[in-house]
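Colleague: Handing you a structure now.
Each value in this text was obtained by applying a stated rule to the coordinates, not by laboratory testing. These numbers come from a predicted model, not from an experiment. Note that each Cβ is placed from the backbone with ideal geometry, even for glycine, and that neighbours are counted across all protein chains shown.
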Amino acid sequence: MTKYVEEETWQDDDRRWLAYRAGALHIEDVRLGAVAAAIPTPFYCYSAGAIRSAYRTLSRALTPIDVAICYAVKANSNIAVLRLLAELGCGMDIVSGGELERALAADVPASRIIFSGVGKTRAEIARAIEVGIHQINVESAAEISVVAEVARALGKRAPVALRVNPDVDAKTHAKITTATKDSKFGIAIGQVADLYAQVAAAPDLEAVGVAVHIGSQIHDMEPFRRAFSAMAELVTEMRGRGLSVPRLDLGGGIGIASGDKPGPDIGRYAAIIAETVGHLGCKLAVEPGRWLVGRAGLLVSELLYLKDMQDGCMGILDAGMNDLMRTALYDAHHPVLPLQEPQLNDAACTYSLVGPICESSDKFGRYDGLGELRAGELLAFDLAGAYGASMSSTYNSRDLLAEVLVDGDRFRTIRRRQGIQEMLQLEHGGAWERPAPGGGVMGEPVLHGGTKGTGRELADAEQ
Ligand code: PLP
């Protein structure tokens, strides 16, 4: 049987790490059925080789134009995945204190971590400054004040970039569009230069640049071109005002193939970066998540029941929207691969696949080409390496599913399944307590060390 040879780089449709061999689905050189015999379904299974190939492909395209890659941890935050990427030299883009701890636990140096996100708490900002974070991407005037206050209290300077909302429609699903003017993300492009000047003048802040992220699962490259061109104009305008803009962070968002839509050409993406912002002399960074890990993971599930419906057959699985919520949330379609190669015959029908959760939205779509399914059969949802496990929950008090990593002919559990007994332990409630006299009273606002800064302080101080 042919052995899997790790691809140095990959093309979008090149998925040699995932193949039927002698009728059985393999990830690299591991038969998925063998993993399922050891780990109860549902579980996620990733290919280390596929993640490495994706990283090397992107890195090869971007190295000539000197763009740092900071993986968006939210896409798949398992520390084994982070470590794998960090070992290749990848930096990280985080959006919470929890993701910061994950990146640090995976031995990613703080000097390679960018902190994005629209609602960072004081505690998260403080921890980021203390560990020596590379850059905090700030999204509002109010946040600038809070970062300055926290930095001052720590006696340190915080490296701040401003996240820009360039008002560009990424032409992707509405729920993953982030840069139109009605979006909650970023600072309207017309306000950025003034705010950046305030950052540059603030003694506790270091103005290190600007950032943009226009959305996710983007196939059409033109929105990238428009957004990056707008950023180039902005940087030029800011420099014209005497401001130093050493860094430019271009965000993530590169799509992957889905259904009959091929994935974008990475060479073209790199060319657009070079053409639009290559001349600025800024230190460039990108924050891809899905592109690095999305294709490298499967969700393996057992078919529990078949049910005859008026319009065909329904398959009820042991994986639900709590395990993979992308279909319910974004209408995403994940191709399905039976672990045993399907034999197509006349009895094969179109199946609607659904999960066990008590929600009508707990369905994965309609599928042809699965052969004739039988209860007990194992099925794998493809393209599930990004925003799968990291979005999973225990809704309906279901176990938080396990994650497995395959590398060559070996596999290992990289997150064990979390069962109901562990969850119940968290709910053995504490003793009843009464607020101390003179403390917070009902109806009175209580500050949880979080929201003092209004954003006006800095603006007022500068006037
Ligand atoms: N950067 C930021 C600020 C994000 O919010 C996201 C995802 O939403 C990403 C990067 C990664 O996006 P993607 O996984 O589509 O590359």
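Colleague: How big is the gap, in Å, between the Cα center of the stretch 302-331 and the Cα center of the stretch 68-125?
Modeller: 33
Colleague: For ARG83 and ALA24 in one chain, what is 0.36 nm times their gap in residues minus the Cα-Cα distance, to one decimal in nm?
Modeller: In short, 18.3 nm is gained.
Colleague: Where in the chain is the longest stretch that carries no GluC sites (Glu not before Pro) classed as loop by DSSP and with at most 12 other Cβ atoms within 10 Å? Each step should come with its number before you reach the end.
Modeller: Details: sites that count: GLU8, GLU427, GLU433.
In short, 9-426.
Colleague: Treating only the Cβ atoms of Lys and Arg (+1) and Asp and Glu (-1) as charged, compute the dipole magnitude of the chain about its Cα centre; round to the nearest 20 debye.
Modeller: My answer is approximately 780 debye.
Colleague: Can you tell me the FRET efficiency between LYS181 and ARG56 if r is taken as the Cβ-Cβ distance and R0 is 30 Å, rounded to the nearest 0.05?
Modeller: 0.20
Colleague: With each run of n ≥ 4 DSSP H residues scored as -39500 (n - 2.57), what mean residue ellipticity at 222 nm is computed for the chain after dividing by its residue count and rounding to the nearest 500 deg cm²/dmol?
Modeller: -8500 deg cm²/dmol
Colleague: What is the set of long-range amide H partners of ALA161 at a cut-off below 5 Å, with H atoms built 1.01 Å from backbone N?
Modeller: For ALA161, the qualifying residues are ILE136, ASN137, VAL138, VAL208.
Colleague: Next question. Magnitude of the Cβ-charge dipole of the stretch 273-383, K/R +1 and D/E -1, about the Cα centre, nearest 20 debye?
Modeller: Around 420 debye, computed over the stretch 273-383.
Colleague: Full extension from THR350 to ASN396: what is 0.36 nm times the residue separation minus their Cα-Cα distance, to one decimal in nm?
Modeller: Stretched fully, the THR350-ASN396 segment lengthens by 13.7 nm.
Colleague: Moving on. Once the piece of chain linking GLU222 and GLU433 is laid out straight, how much longer is it, given 0.36 nm per residue of separation minus the C-alpha distance between them?
Modeller: My answer for the length gained is 70.2 nm.
Colleague: Hey, another quick one. From a point 7 Å beyond the Cα of VAL5 in the direction of its Cβ, which residues of the stretch 32-75 have a backbone N at a distance under 17 Å?
Modeller: 49-50, 53
Colleague: Counting only pairs 8 or more places apart or on different chains, how many lysine pairs in the chain have C-alpha atoms closer than 27 Å?
Modeller: 29
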